[in-house]
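Novice: Attaching a single structure in structure tokens format; questions to follow.
Every read-out reported here was derived from the displayed coordinates using simple, explicitly stated rules and does not represent laboratory data. If you're wondering where the values come from, they're calculated on a predicted model, not measured in any experiment. Using ideal geometry, Cβ is built from the backbone for each residue, glycine included, and neighbour counts are taken over all protein chains shown.
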Amino acid sequence: MSLFFSTFRNTLTDVSIPLLPYVYLSQVSYAKALDLQKLLVRRRLENKNSSDLLLLLQHPPTYTTGRRNMGKTMNEEAAYLKNLGAQYFETLRGGQTTFHGPGQLVGYPILDLRNFKLSVRCYVATIERVIINTCAAYGVATSATKNTGVWAGDDKICAIGIQVQRFVTSHGFALNCNTDLNWFDHITPCGLKDKKMTSLTKEFNKQGRKTTITVEQIIPTLCQHFGYVF
Amino acid sequence: MLGFISPKLAPSYIPKFRSAILRNEFGSVFASRFGASFREYSSKKVKKYTKEHEWIHVERDLGTIGITHYAQNALGDVVFVEVPEVGTVVEQSGTCGALESVKAASDIYAPVSGKIIEVNQNLEKSPGLINKSPEADGWLCKIQLSKLSELDNLMEEHEYHKHCEESESH
């Protein structure tokens, strides 16, 4: 497990603001990441002087489902997905079923929304804006629609699912960089039957560019754009 | 409950009563004299607010809970509502369900301690009621309060509006 730690700040204003640290944890199991988030949220709630933080990582092949499906997911579906070689978790985040795996940049901002004077609705829109700007930096045009997340045309490139506890956020976003998209064929991603998934590398290929982008390569750009708005 | 007490009948009582009027402490005056909380027998309806933007409308020891107009606007379109089951005992400030909007699940917190006695069944099919009528038809659940004094920890309407102005989100 490689560990990077750095800080960045908003370069567009002269106003002195607290730095927002990020940490990239490479590949971490979903269970460990869940425990880490719980610890960080508790720390944030109990100690007002503790810092906001952006966790960045990748997961081994893992399917997760959101709060609406807690306790309601058919055992057959969970067993089927586990048989594929993936793990399966029910979570307290918003959103429905999705996949996390190698080649997908997962970001868990642990923030107190009051620090940024953001409503839940505006926070989600701001995350979408960060992803859109990051993709644009690589020449891939994306947008936000009435369906939460970031879309390249009709295909979803980044899923979003958040939990908010006393204004502190957890869970976050999942941006497909060079993810094996076949994993998504076994579920209805985010509950949208007529929509497909895509990745930055797939969008490069559509443009005739024979390049691949990895999670490690995209992190500096994403953090830069994160820092512009947060 | 107002009346006149003859100084001849209760000479030691009048100074307490006068000062209580000034301090608006009728409850404590009658409590000390009659051994019971004035509020317990009051038919006055009370509406209070939390910092997390929940409201509670209390009549005697029964309360109706919901989220405020400010909160529903901050959340966006509510698509899923999770409320405690009837019979659940909750503590003040403890988790009391969640609302999902724009793929974000936001926890709701109990304004007071007590037992949930009814939930709004309409919200399962029509979660949008919370956006359309957050402080009326979009009520979340009803609670039998176990500690009326906890209402003292909550905000009055004018305090809550000031709290919202200070929060001032985008």
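Novice: Using R₀ = 25 Å, calculate the FRET efficiency as 1/(1 + (r/R₀)^6) where r is the Cβ-Cβ separation of A:Thr214 and A:Phe89; round to 0.05.
Specialist: Result of the calculation: an efficiency of 0.50.
Novice: Give, as a single signed number, the net charge of other residues whose beta carbon lies under 14 Å from the beta carbon of B:His161, with Lys and Arg counted +1 and Asp and Glu -1.
Specialist: Residues near B:His161 contribute -3 overall.
Novice: Explain nothing, just the number: relative contact order of chain A, from Cα pairs under 8 Å at least 6 residues apart, as a whole percent.
Specialist: Taking the mean separation of contacting Cα pairs over the length of chain A, I get 20 percent.
Novice: Work out how much length A:Asn115 to A:Gln27 would gain on full extension: take 0.36 nm times their residue separation and subtract the Cα-Cα distance, in nm to one decimal.
Specialist: Separation in residues times 0.36 nm, less the Cα-Cα distance, equals 28.7 nm.
Novice: I would also like to ask the following. Excluding A:Tyr138 itself, what net charge comes from residues whose Cβ is under 12 Å from its Cβ, given Lys and Arg +1 and Asp and Glu -1?
Specialist: Once all neighbours under 12 Å are counted, the net charge is 0.
Novice: If you don't mind, there's one more thing I want to ask. Can you work out the Karplus-derived ³J(HN,Hα) for every residue in the range A:135-150? Use 6.51 cos²θ - 1.76 cosθ + 1.60 with θ = phi - 60°, whole Hz, and x for glycine or proline.
Specialist: 5, 4, 4, 9, x, 10, 7, 9, 8, 9, 10, 5, 8, 4, x, 10
Novice: Something else: Give me Rg/Rg_expected for the range B:44-169, where Rg uses Cα atoms only and Rg_expected = 2.2 N^0.38 Å with N residues.
Specialist: 0.97
Novice: Please give me the summed charge of the neighbours of B:Ala98: other residues whose Cβ is under 9 Å from its Cβ, Lys and Arg +1, Asp and Glu -1.
Specialist: Surrounding charge for B:Ala98 is -2.
Novice: Amide H neighbours of B:Ile108 under 5 Å, at least 5 residues apart or on other chains, H built in the peptide plane: list them.
Specialist: Here the answer is B:Cys96, B:Gly97, B:Ala98, B:Leu99, since their amide H atoms fall under 5 Å of that of B:Ile108.
Novice: Quickly work out the A:Ala79-to-B:Glu157 label distance, labels modelled 7 Å from Cα along the C-beta direction, and quote it in nm with one decimal.
Specialist: Each label point lies 7 Å from its Cα, and together they span 5.7 nm.
Novice: Mind checking which lysines have their C-alpha under 25 Å from A:Lys206, skipping anything on the same chain fewer than 8 residues away?
Specialist: Candidates past the 8-residue exclusion: A:Lys146, A:Lys156, A:Lys193, A:Lys195, A:Lys196.
Novice: Follow-up question, since we're still on this one. Across the range B:151-161, in residue order, what do the Karplus-derived ³J(HN,Hα) couplings come to in whole Hz, using 6.51 cos²θ - 1.76 cosθ + 1.60 with θ = phi - 60° and x for Gly and Pro?
Specialist: So the Karplus estimates, Gly and Pro as x, are 4, 5, 7, 9, 8, 6, 4, 5, 5, 5, 4 Hz.
Novice: Next question. Can you compute the modelled spin-label distance between B:Glu91 and B:Glu59, with each label point 7 Å from Cα toward Cβ, in nm?
Specialist: Simple spin-label model gives 3.1 nm for this pair.
Novice: Related question: Give or take rounding to whole Å, what are the principal axis extents of the alpha carbon atoms in the range A:9-229, in descending order?
Specialist: For the range A:9-229, the Cα spread along each principal axis is 49, 44, 32 Å.
Novice: Something else about it: Taking a point 7 angstrom from the Cα of A:Asp194 along the C-beta vector, which residues in the range A:109-151 have backbone N less than 15 Å away?
Specialist: A:146-147
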